[in-house]
Amino acid sequence: MTVKKAIEMLAGVKPHAFPDEAVAKWLAEVDQKLFIECIRTHEGGITEMPQTYDPTDDANTELLIQAPYDDIYLHYCAAMIDYWNGDFGRYNNTILVFNQRYNEYVNYYNRTNLSKQPKNYGI
């Protein structure tokens, strides 16, 4: 899924008044979280943490999580919309779904990618 597609899908499933720049920032937060907590500890994959996405310049940038797990982005952005709108009841529900889906993806990633081995320096 690209940045542009995620922004469009979010607008379709959860209409909101937030600018595309805010949504792009939230998308980047998910990719940064994934990089820090999972990708950098495994062989292969990207080697640099994604930066904040620009909805215009980075519109065609592919996000890190692919189908069938890419709904994670929508759940996170929906949670952020609820949070910033002060709707904490909905926020609690949407962030719970995000956390569940995110953990499912991390578990999948851990099962299918080799962890980096610690270096042995002869000690």
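All of the numbers you see were taken from the coordinates with simple rules; none came from a lab. For clarity, every value in this text was computed on a predicted model and none was experimentally measured. Quick reminder, even Gly has a Cβ in these numbers, built from the backbone with ideal geometry, and neighbours come from all protein chains shown.
Using the Cβ-Cβ distance between Phe18 and Tyr108 with R0 = 30 Å, the FRET efficiency computed as 1/(1 + (r/R0)^6) comes to roughly 0.50. Close amide H partners of Thr2, meaning residues 5 or more places away or on another chain with modelled amide H under 5 Å apart, are Leu63.
Express in whole angstrom the spacing between the alpha-carbon centres of segment 81-100 and segment 1-44. About 16 Å separates the Cα centre of segment 81-100 from the one of segment 1-44. With contacts taken as Cα pairs under 8 Å and at least 6 residues apart, segment 3-112 reaches a relative contact order of 31 percent. Note on Asn99 and Ile36: with the Förster distance fixed at 22 Å, the Cβ-Cβ geometry gives a FRET efficiency of about 0.90. Rounded to the nearest 500, the 222 nm mean residue ellipticity of the chain from helices alone is -18500 deg cm²/dmol, with -39,500 (n - 2.57) taken per DSSP H run of at least 4 residues. For the chain, the membrane-span-like helix rule (DSSP H, alpha carbon extent of at least 18 Å along the helix axis, mean Kyte-Doolittle at least 0.0) picks out 71-84; this says nothing about an actual membrane. When the square roots of the Cα gyration tensor eigenvalues are ordered a ≥ b ≥ c, the ratio a/c for the chain is 1.5 or more and a/b exceeds b/c, which makes its shape prolate.
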